1. Quick one: putting +1 on the C-beta of Lys and Arg, -1 on the C-beta of Asp and Glu, what dipole do you get for the chain around its Cα centre, in Debye to the nearest 20?
2. With N denoting the number of residues in the chain, provide Rg(C-alpha) divided by 2.2 N^0.38 Å, to two decimal places.
3. Arranged by the count of other C-beta atoms within 10 angstrom, fewest first, what order do HIS356, HIS17 take?
4. So for ASP263, ASP28, fewest C-beta neighbours within 10 Å to most, what's the order?
5. Give me the mean projected area, in nm² to one decimal, of the convex hull enclosing the Cα positions of the stretch 180-310.
6. For TRP134 and GLU330 in the same chain, what is the full-extension length gain: residue separation times 0.36 nm, less their Cα-Cα distance, in nm?
7. Is the shape of the stretch 86-223 best called rounded, prolate or oblate, per the rule: a/c under 1.5 gives rounded, else a/b larger than b/c gives prolate, else oblate, with a ≥ b ≥ c the square roots of the Cα gyration tensor eigenvalues?
8. Counting other C-beta atoms within 10 Å, which of TYR25, TYR60, TYR339, TYR153 has the fewest, and how do the rest follow?
Amino acid sequence: MAMGIPEKMVAVQLIGHGDFDQLQYRQDLDVPVPGKGEVLIKVGAAGVNNTDINTRIGWYSKSNTGNLENINHDALAEAGGNDDGDWSGAGLSFPRIQGMDICGRIVSVGDEALAGRKGERVLVEPCLRKPLDWKPYKAWFVGSDCDGGFAQYVKIFADHAYVVESALSDAELASFPCSWSTAENMLTRSKVKSGETVLVTGASGGVGSAAIQLARRRGAKIIAQCGKRKADLVLQQGANEVVYRDVDLPASLGQESVDVVIDLVAGPSWPELMQVLKKGGRYGVAGAIGGPMVELDVRTLYLKDLSFYGCTVLEQDVFGNLVNYIENGEISPIVSKTYPLSDIVQAQQDFIAKRHVGKLVLIPPAI
């Protein structure tokens, strides 16, 4: 191990699908050793995401058809849900250190070709395409297919560790990678342009609030859907208009009134999104917190010439563009609260309660 780097570290391991008891706070794990093409990062901060909870509870399994609040873990396991419980539809290898949002500094490298990168402050791209030879729509995901940032140290492929020059704190920078790259990917893939009207569902969450700022950056008009209690905070992020959750969208906005829907909710009200889309409209989706099963009248899809975009694997330039926006001060972080890594259960409970706007961030203990 390089000078100054301990042999053991603190981290939180996910030991299986299930409730909070599957998260184990450990103080005796080996510090990872970077291989060729990899760097070792001392983690400064790591954000909390929906995917951390989704992965822990096995929600990605096709055997689950309900929302996040209605999962029977025993039934899920019996149905084979433990075999397809990660983003890619495969089973997780346990134990696993989660945490997709990582800000930190490179402290060691796997080969001399990377020696000049020691000391760099970096953001980690959460969608790793290098391990799969940059094939289209093929990727590993940090904290799912490989260990992530809920630890003092993490090793990552160097190509996915982006230098960031910013006066923002580690916690502020750690709020960006997963949510903001997801939002930028949705806007990129659905081709949002200046002057268009964009409806963002789940607008008070990490991805939703990021989508507001990023769509505003593109010059779009933004209609944000959220709970009434969070409306003022969502407007502060740059939304032009707010519609409350559970309203009748066609009655409130008008039929065929929206160019693009950026959806993170899905659920039983999903058909209303198709009604408010204009002919030739586009629909981008990267979440289903309201439930993954929706009812689609296929005639609406083809008679209105709609385009649907599933958005998971990042387009090639999305993360680099995001880092540029940060460095240029074009977007602002939204950190609701920080927690020590040892309080990960409380952080996830607060995340599930959805009383915050923006991101919750975990801070590992100082070395």
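Bear in mind these aren't lab numbers, they're just calculated from the coordinates by the rules spelled out. Not measured: the values here are computed from a predicted model. Virtual Cβ from ideal backbone geometry, glycine too; neighbours counted across all protein chains shown.
1. Taking the Cα centre of the chain as origin, the dipole is about 800 debye.
2. Values: Rg = 20.2 Å, N = 367, 2.2 N^0.38 = 20.7 Å.
Scaled against compact globular proteins, the figure is 0.97.
3. Values: HIS356 18, HIS17 23.
Sorted ascending by nearby Cβ count, the order is HIS356, HIS17.
4. On the way: ASP263 25, ASP28 9.
Ordered from fewest to most neighbouring Cβ atoms within 10 Å, ASP263, ASP28 come out as ASP28, ASP263.
5. On the way: hull surface 27.0 nm².
Mean projected area of the Cα convex hull: 6.7 nm².
6. Values: separation 196, 0.36 × 196 = 70.56 nm, distance 2.86 nm.
Taking 0.36 nm per residue and subtracting the Cα distance, the gain is 67.7 nm.
7. Details: a/c = 1.96, a/b = 1.54, b/c = 1.27.
Prolate, because a/c is 1.5 or more and a/b exceeds b/c.
8. On the way: TYR25 14, TYR60 21, TYR339 18, TYR153 27.
Ascending number of Cβ neighbours within 10 Å: TYR25, TYR339, TYR60, TYR153.
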